[in-house]
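Beneath this line is the structure, given in structure tokens, with notes to follow.
The values are calculated or read from the model by the stated rules, or taken from the named source; none is laboratory data. The structure presented is a predicted model; accordingly, all values stated were derived computationally and were not measured. Backbone-built Cβ (ideal geometry, glycine too); neighbour counts: all protein chains shown. Accessible surface areas use protein heavy atoms only, side chains included; no ligands, DNA or RNA. Shrake-Rupley method; radii C 1.70, N 1.55, O 1.52, S 1.80 Å.
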Amino acid sequence: MTTFAFLGPALGGHEGWVTTQGEVLAGLFAADGHPTLVSSTRLSPVGRAVDHARDLLRWRRQADVAIVSVFSGRAFALADESLALARVLGIPAIAWLHGGNLPTLGEQHPRWVRRVVRRADAVVAPTAFLARWADTLVPGTHVIPNVLNLDDYRF
């Protein structure tokens, strides 16, 4: 059975914070019986960076695949760190793109963004918009829509 390691903000347990797609997907995989590892619940980006590095090192013999949430802005550096370390440790990694500002970040820092996204063994995006943009960097980006429990929303 595949062991999934999720790296990104897992902040939904904090009052006032939204549960992330990584937390939702990790819960679904765990409910289906897959071993699932989640890092990190820290609010501080620096604390999350430390947790991601520590956890990847600790999980290097357990994790079959690292699923790395890739956001724009300052959070992009966390994805950079996680994807680089996963590669060094020989853990296959999926870059899971989030947020419509990634193309803007790519325009501002094209070499950095290209380098980080190309470290991934696979790239997925929740929308065709992000997938088209990512395809300019890494052909073959897959669209996997966000996971929503419709029972959580009133119509």
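Please list 3J(HN,Hα) in residue order for segment 10-26, calculated via the Karplus relation 6.51 cos²θ - 1.76 cosθ + 1.60 where θ = phi - 60°; whole Hz, with x for glycine and proline.
10, 9, x, x, 8, 4, x, 9, 7, 5, 7, 4, x, 5, 4, 5, 4
How much net charge surrounds ARG111 when only other residues with a Cβ under 14 Å from its Cβ are counted (Lys, Arg +1; Asp, Glu -1)?
Neighbourhood net charge equals +2.
How large is the Kirkwood hydrodynamic radius of the chain, counting all unique pairs of alpha carbons, in Å?
It is 15.8 Å.
At 1.4 Å probe size, with no ligands or nucleic acids counted, give the accessible surface of TRP59 in Å², nearest ten.
Ignoring ligands and nucleic acids, TRP59 comes out at about 10 Å².
Amide H of ILE67: which non-local residues (sequence gap of 5 or more, or other chain) have their own amide H closer than 5 Å, using H built in the peptide plane?
Result for ILE67 returns ALA5, PHE6, LEU7, ILE94.
Net charge around VAL88, counting only other residues with Cβ within less than 12 Å of its Cβ (Lys, Arg = +1; Asp, Glu = -1)?
+2
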